[in-house]
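One structure is given here, and the rest of the page talks about it.
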Amino acid sequence: MQAGLARDFLEAVPMPLMLVGTDQRVLAANRAVSDLFGVAIEGRSCSAFLRHPAFLTGLEECLSGQGKRSARITLSGNTQDTHLSVTYAPVEHEGGPSVLVALEDLTALEQAVAMRRDFVANVSHELRTPLTALVGFIETLRGAARDDPNARDRFLGIMEREAGRMIRLVNDLLSLSRVEAEERRRPAKAVDILALLRTALVTQQEAAKAGGIALTLTADSDVVNLPGDADQLTQVFHNLLENAMKYGGSGKDVTVRVSEIEREPVLKGPAVQVEVIDRGEGIDPLHLPRLTERFYRVDTHRSREQGGTGLGLAIVKHIVNRHRGRLRIDSELGKGSRFIVILPKG
Ligand SMILES: Nc1ncnc2c1ncn2[C@@H]1O[C@H](COP(=O)(O)OP(=O)(O)OP(=O)(O)O)[C@@H](O)[C@H]1O
Ligand SMILES: [Mg+2]
């Protein structure tokens with residue numbers, strides 16, 4: 001094949017491809033390869049931009065006439081590793097032998113596999129803790145505490161709490177997978193977000209009173225309509241209000257502020273902003289990027305103690321995504337947190 005034609009062929013394929021000659025120099029490469037390595041590589045020797053032993057071995061073997069070869073290599077980067085699957089195929093180029101090298105970036109796939117593995121491990125771990133407690137108390141009730149009515153009552157109370165935790169976890173998991181399944185379908189029904197928030201506040205009022213917290217709502221208007229799923233939005237604000245009260249600390253007030261934005265820069269249109277503000281301990285900026293991940297908690301022990309599953313904000317994020325909205329978190333250690341939900345109006 002001629003050089004110009006070869007380049008046209010390579011350029012027509014979306015995956016990274018390059019043609020390498022007998023001296024290991026790159027004869028032609030498509031743009032996907034330069035994007036992958038961040039430099040132009042035509043005319044350069046392979047070892048100059050990809051000094052990976054397994055990569056060079058496969059190339060040498062194929063160049064020396066051993067037929068098709070393949071290799072799996074991992075390149076370590078500053079922020080993340082890149083996993084590549086490489087295949088080498090002997091081809092004839094301008095009358096001489098050369099090798100067509102195809103690189104497939106498996107990083108996203110590997111990340112998805114790792115995420116699924118972590119998820120299963122997390123769920124198993126979260127379920128195992130209460131189950132172990134239950135089994136332990138059943139044993140005690142059958143043995144040592146058999147004829148002790150006081151101990152029995154106490155242990156049954158703990159068992160009820162642990163079973164409740166498992167039910168909450170399963171419910172949260174189901175609700176997360178439901179929201180994920182629906183995420184592409186944008187809700188269309190009109191919802192009065194202010195009425196919805198008022199109801200949510202009434203429901204939380206008792207818990208607030210118990211913690212000595214004044215829970216208040218402020219808004220510029222009386223009715224604010226937007227397309228939404230009322231049940232899911234209710235879930236969002238219950239989650240945020242619960243968090244604000246739980247982590248905001250007793251005796252510290254929680255405020256919900258609703259305002260309308262004429263043109264939200266990111267959503268590029270009119271939007272409604274709901275802020276849930278607490279004056280609690282705040283969150284270290286270190287944790288902010290990971291806060292909406294499933295099972296991520298700043299203080300796992302404390303969250304569990306309070307019956308949390310660590311799925312609340314993950315559910316919030318997915319529901320907000322389904323509404324094509326934004327979730328922002330402003331927080332300062334020692335001063336409090338502000339969870340901002342921005343929802344498009346049309
Ligand atoms: N208002 C807040 N102030 C300080 N930390 C917060 C606040 N909201 C959330 N967090 C932190 O973020 C973590 C994740 O919150 P998320 O709602 O996802 O889980 P959770 O509250 O622990 O459990 P669940 O919501 O299932 O009851 C919490 O464990 C807590 O560490
Ligand atoms: Mg929560």
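What the table shows:
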quantity	calculated
For the chain, share of DSSP beta bridges that run antiparallel, in % to the nearest 5	90
Additional length obtainable on full extension of the chain from residue 287 to residue 122, 0.36 nm per residue less Cα span	57.6 nm
The stretch 3-105: relative contact order in percent, alpha carbon pairs under 8 Å with at least 6 residues between	25
Values of log10 I(q)/I(0), in the order q = 0.14, 0.19, 0.22, 0.23 Å⁻¹, for the stretch 3-105 under a Debye, Cα-only, solvent-free model	-0.47, -0.90, -1.24, -1.36
Relative contact order %, the stretch 185-346, counting alpha carbon pairs below 8 Å whose residues are six or more apart	25
Estimated inter-spin distance, residue 188 and residue 89, nm [label 7 Å along Cα→Cβ]	4.7
Full-extension gain in nm, residue 231 to residue 305, via 0.36 nm per residue minus C-alpha separation	23.9 nm
Percent antiparallel among DSSP beta bridges (both partners in the stretch 185-346, rounded to 5)	85
Å² per residue, accessible surface of the stretch 1-88 at 1.4 Å	56
Prolate/oblate/rounded call for the stretch 115-214, Cα gyration tensor, a/c under 1.5 rounded	oblate
Equivalent-ellipsoid semi-axes of the chain, from the Cα gyration tensor, Å, largest first	54, 30, 16
Cleavage-rule hits (trypsin sites (Lys or Arg not before Pro)) in the stretch 224-261: DSSP loop, at most 12 neighbouring Cβ within 10 angstrom	none
Accessible surface of residue 318 - all protein chains present, 1.4 Å probe, nearest 10 Å²	30
Listed residues 18, 159 arranged by accessible area, highest first, probe 1.4 Å	159, 18
Segments 30-36, 128-134 sorted - mean Cβ within 10 Å per residue, highest first	30-36, 128-134
Ranked packing of 270-276, 118-124, most packed first, by mean Cβ within 10 Å	270-276, 118-124
Percent RCO, i.e. relative contact order, over the chain, from Cα pairs under 8 Å lying at least 6 residues apart	12
Accessible carbon and sulfur surface of the stretch 106-182 relative to its total accessible area, %, 1.4 Å	59
Distance from the stretch 313-346 to the stretch 275-305 (C-alpha centre basis), Å	13
Residue 152 accessible area, 1.4 Å probe, all protein chains in place, Å² to nearest 10	100
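The values are calculated or read from the model by the stated rules, or taken from the named source; none is laboratory data. Note that the coordinates shown come from a computational prediction; the quantities given were computed from them, not determined experimentally. Neighbour counts run over all protein chains shown; Cβ positions are idealised from the backbone, glycine included. In case anyone asks, the SASA skips ligands and DNA or RNA and just uses the protein heavy atoms, side chains included. Shrake-Rupley method; radii C 1.70, N 1.55, O 1.52, S 1.80 Å.
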